[in-house]
Amino acid sequence: VEDGGQGLFHCNQITDGPVAGVHVLDGGEGVFDTNVLERNAEAQVLVRNGNPTFRKNVIAHGLGCAVVCTAGSQGLFTHNRIRDHALQAIRVTDSARPRFEKNEIAHAQRQAILITSAASPNFFANNIRHSAGPAVHCTDAGAGFFSQQRDPR
C-alpha cells in the first residue's frame, strides 16, 4: 500500500515473502484486521512514512523483525499477538511515531523493542515478556513513552 493508497485487509494469510509480508510506504494507509503474518524474511510489517492500522493480527515466526516503522511513520497497532522473531519484535527508527496499545509482545531473540534515530513511539497497556535481551533498548536519540504496561506475573 503506497502513495495514499488505502484498503481493508481482513482474515488473510500472508506468509513466506522474500522481504516483508506487508509494506505500507510513502503516505499509504489501510486497515489490516485479523490476519496472520508469518515467516516473511526481513520483516512481517514494514512501514515507511505510512499511517496504517493493524488490529487483532497474529504477527509471528519471523526471520527478522516483526514490525519495522521508519521515516516519520505513524499508525496504530492494537490487540495484536507479536511473537517469536529472530531479531526485535518491534523496531522504530528515523523519527517514526507509531502507537502500540494492548498488544502481546513476546519471545524476541534480541530486544523486544528497539527505538533509535529520534523515533518517539507510544506504548500503552502492552504485555511485553520473554525476550532474550532487554525489553526496551533506546539509542541514538530514540525515546518512547510507556504507560501501564502489564506485568505477566
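The values are calculated or read from the model by the stated rules, or taken from the named source; none is laboratory data. Quick caveat: nothing in here was measured; it's all calculated off a predicted structure. Note: ideal-geometry Cβ built from the backbone for every residue, glycine included; neighbour counts use all protein chains shown. Note: accessible area is taken over every heavy atom of the protein model, side chains too, but ligands, DNA and RNA are not part of it. Shrake-Rupley method; radii C 1.70, N 1.55, O 1.52, S 1.80 Å.
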Exercise for the section: Would you please list the contacts, defined by Cβ atoms under 8 Å and residues six or more apart or on different chains, that run from a residue in region 13-39 that is closer than 13 Å to V68 by Cβ to a residue that is open to solvent by 20 Å² or more (accessible area, probe 1.4 Å) and of a type in the set (G, A, S)? Expected result: V19/A41; A20/A41; L37/G21
Handout entry: One residue from G7, G75 being modelled with pLDDT of 95 or more and small (G, A, S)
Key = G75
Completion exercise
By residue number, the members of region 132-153 that are open to solvent by less than 60 Å² (accessible area, probe 1.4 Å) and either under 15 Å from the mean Cα position of the chain (by Cα) or without any contact (Cβ under 8 Å) to a residue 40 or more places away in the chain (or both) are G133, A135, V136, T139, A143, G144, S147
Problem - Yes/no for T93 being closer than 19 Å to V136 by Cα, surrounded by fewer than 24 Cβ atoms within 10 Å (Cβ to Cβ) and in contact (Cβ under 8 Å) with a residue 40 or more places away in the chain - result: yes
Exercise for the section: Considering each of F9, F100, F77, F32 in turn, give the residue that is aromatic (F, W, Y), farther than 22 Å from G133 by Cβ, open to solvent by less than 50 Å² (accessible area, probe 1.4 Å) and assigned to a strand (DSSP E or B). Expected result: F32
Practice task
Answer yes or no as to whether N49 is in contact with a Gly (Cβ under 7 Å, 6 or more places away or on another chain), of a type in the set (S, T, N, Q) and surrounded by fewer than 20 Cβ atoms within 10 Å (Cβ to Cβ).
Solution key: yes
Exercise for the section: Identify all residues within region 59-73 that are within 11 Å of the chain's Cα centre (by Cα) and open to solvent by 10 Å² or more (accessible area, probe 1.4 Å); write none if there are none. Expected result: V68, T70
Problem - Residue that is farthest from A112 (Cα to Cα) [pool: residues in region 35-45 that are crowded, with 24+ Cβ neighbours inside 10 Å and among the aliphatic types (A, V, I, L, M)] - result: L37
Exercise for the section: State whether one or more residues within region 41-51 are part of a loop (DSSP other than H, G, I, E, B), modelled with pLDDT of 95 or more, over 18 Å from C69 (Cβ atoms) and in contact with a strand residue (DSSP E or B) (Cβ under 9 Å, 6 or more places away or on another chain). Expected result: no
